[in-house]
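Just below is one structure, and these are the notes that go with it.
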Amino acid sequence: IDARSKDDQHNLLNRGTQIALFEEREQHVLETAAKRLRKAGKDKSAALDLFNAAQDHIVFAAQAHIDRVTLEAFTAGIARCENEEAAELLRDVCSLYALTSIERDRAWFMEHNRISDDRAKAVQREVNSLLAKLRPHTLTLIEGLGVPPESLGAEILKPTP
């Protein structure tokens, strides 16, 4: 799935591209939030009003930061995984995480020319493909998260006939 062009540098399945997109989003959103808040100057009442008016922007900046930190930590954890089969499964889960974040914020990525509308549609298809690929591993993933056995009776965990 290409972001802006046909070369590998912009392939949305490439972890480096994903991290770069997350870094760009975080930096841009943080800079624009700061710019909005700087307008208050030293007027404390204006600062509070501006802060309240910018809440959506500030929350989005925080989410962008969390998304990037999570993706980087996930990637580092996979690099430390010594079991290749487990690492492959984790790579798919990490891709699912990155792509669902891009899908959730696809309007931002499109408005800021980070991905095209065709690529945004391709992200959704790839998310669905990864979900189908990971479904047989659901129980393994849930057990790996330490979910208590009494919680494992959910219908979604039962094998498909």
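The values are calculated or read from the model by the stated rules, or taken from the named source; none is laboratory data. Bear in mind the structure is a predicted one, so any value in this text is a computation, not a measurement. Don't worry about glycine lacking a Cβ; one is built from the backbone with ideal geometry, like all the others, and counts go over all protein chains shown.
Consider the range 70-79 and keep the residues that are surrounded by fewer than 16 Cβ atoms within 10 Å (Cβ to Cβ) and touching a helix residue (DSSP H, G or I) at 6+ places or on another chain (Cβ under 9 Å). The one that is nearest to Thr140 (Cα to Cα) is Gly77. Taking Arg119, is it crowded, with 18+ Cβ neighbours inside 10 Å and not in a helix (DSSP H, G or I)? When the stated conditions are applied, Arg119 does not pass them. Pairing residues of the range 120-140 that are within 24 Å of Ser151 (Cα to Cα) with residues that are of a type outside the set (Gly, Ala, Ser) and modelled with pLDDT under 95, at Cβ distances under 6 Å and at least 6 apart in sequence or on separate chains, gives Thr138/Leu157; Leu139/Leu157. Every test in (1) in contact with a Leu (Cβ under 9 Å, 6 or more places away or on another chain); (2) farther than 20 Å from Gly16 by Cβ is passed by Ala98 save one, and that test is (2). Restricting attention to the range 38-50, the residues that are loosely packed, with under 15 Cβ neighbours inside 10 Å and on the phi < 0 side of the Ramachandran plot add up to 9. I'd like to check something: does the range 44-67 contain any residue that is part of a helix (DSSP H, G or I), within 22 Å of Arg125 (Cβ to Cβ) and modelled with pLDDT of 95 or more? Yes - at least one qualifying residue is present in the range 44-67. Selection of the range 9-31 for residues being of a type in the set (S, T, N, Q) and touching a residue at least 12 places away in the same chain (Cβ under 8 Å) yields Thr17, Gln18. Please work out if Ser129 is assigned to a helix (DSSP H, G or I), under 27 Å from Leu21 (Cα atoms), under 13 Å from the mean Cα position of the chain (by Cα) and small (Gly, Ala, Ser). Judged against the criteria, Ser129 is not a match.
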